[in-house]
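Working notes, beginning with the structure itself.
The values are calculated or read from the model by the stated rules, or taken from the named source; none is laboratory data. Keep in mind the model is a prediction, meaning the values are calculated, not measured. Quick reminder, even Gly has a Cβ in these numbers, built from the backbone with ideal geometry, and neighbours come from all protein chains shown. Areas reflect the complete protein model, heavy atoms only, side chains present, ligands, DNA and RNA absent. Shrake-Rupley method; radii C 1.70, N 1.55, O 1.52, S 1.80 Å.
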Amino acid sequence: MIFYICLDIFNNHLNPPIMITRVFIFITFLSFPFFVSSQTNDDCGTTIAEQSSTYDFVQKQRSQTFVKTRTAAADVPVKIHIIGASNGALAIDSSDVFDELAIVNDLYSAANIHFVQCGLINYIYDNDYVTFVKNADEGLCDINDNPTALNIYFVPNLIKIVNGVEDDLCGYAYNFDIKNRLLMDKGCATNGSTLAHELGHSFSLLHTHSTSNGYEHANGTNCSIAGDLLCDTPADPKLSNSTVNTSCEYTGAELDNQQNPYLPDTENIMSYSRKSCRIHFSPKQLLQMEDFYLVEGGFLECDPEATPTNNLSEADPIEVYPNPSDATIFIKNVPSGVNLELIDLQGKRIWETQVEDATSIFEIALFQNLARGIYFVKIKNGNSISTQKVVRM
Ligand SMILES: [Zn+2]
């Protein structure tokens, strides 16, 4: 079972290094979506699954010379989405968002990247999204993403659930060539480093402690093929508040598999060091982000009116009804060859079928057997994807 050690990172200014581990048992899962959220694990939720294009990109970057024609920083459009309760409560203050973006822009100026707002803030006030589960972003984001910008969603409470265990998250992101979207927990959005960290992931950077390419030796001999693939970020045993003191000094004693001590960079944005300690990217990290933008960022040209490209044609909408429902549900006007999926709030596919013949009313009878809660009907038609939320009463 994957379970992350819970570190009291969020309260790092207030408490001495107290480790608090709280496991939420499955009973919590049953009461979803109204979790009692008092966990203290505020890790980043980005994994190699969201960054599967990084390795190939780094290889490509090394095998060719990028011709940089820009002399000024590129304006990278970001679409800001702010989630709140149905009555508007719990939403982050937009001025906090802009203050944080100013900090981010300082950090990214050396990568020739400057984030600019694309269109107006999109406010989404819906109790269903106040507690937002990682990888259930399709339901919310597929219908809200601006395809010409990097979409940043600020949610009141971001969590992940692994094997019924709930953990708070600070944020997670995809390499933007995979999905141009990033999710931020409101509680971590103004700490001066988490938004910069998640954007680093958007621009293909791995954690400095990444092991998806193997363990990096503390002496750096395999730095280009292991860890984060970069040689100016020293091997990092996965920092935490218990191994970095309030003066940002590394206090851990862990040895690598060659019995050498680590000398990690406790100030690197892409580490799990204390959030207040994370103040810089390395030169190679900055270069990788700039190159990633130059190679993959061509679509980032803000059109404030652009609508999600992954919706099916509006002329022939697919309608799910009744919604909410305590029995079976129906989908109107399903074309032939369409793939239908039913997805739960954890992002798990619980049913799937391929529709052979076009049908005016398609029944999903199994819906009545599901537990009460929120689900998504996902409709794939070639490259276009549409997702609709349905509630089982
Ligand atoms: Zn991260």
Picked from the range 185-232 (must be assigned to a helix (DSSP H, G or I) and of a type in the set (S, T, N, Q)), the residue nearest to the ligand (Cβ to nearest atom) is Thr194
If we keep only residues of the range 140-165 that are surrounded by fewer than 24 Cβ atoms within 10 Å (Cβ to Cβ) and of a type in the set (D, E, K, R), then the residue nearest to the chain's Cα centre (by Cα) is Lys160
One residue from Asn135, Asn175 being open to solvent by 10 Å² or more (accessible area, probe 1.4 Å), among the polar types (S, T, N, Q) and under 10 Å from the mean Cα position of the chain (by Cα): Asn135
Which residue, of His217, His209, is open to solvent by 20 Å² or more (accessible area, probe 1.4 Å), touching an Asp or Glu at 6+ places or on another chain (Cβ under 9 Å) and either farther than 25 Å from Ser109 by Cα or free of Cβ contacts under 8 Å to residues at least 12 places away in the same chain (or both)? His217
Can you tell me which residues in the range 187-205 are farther than 11 Å from Glu100 by Cβ and open to solvent by 10 Å² or more (accessible area, probe 1.4 Å)? Gly187
Go through the residues of the range 136-149 one by one and say whether even a single one is among the aliphatic types (A, V, I, L, M) and part of a helix (DSSP H, G or I). yes
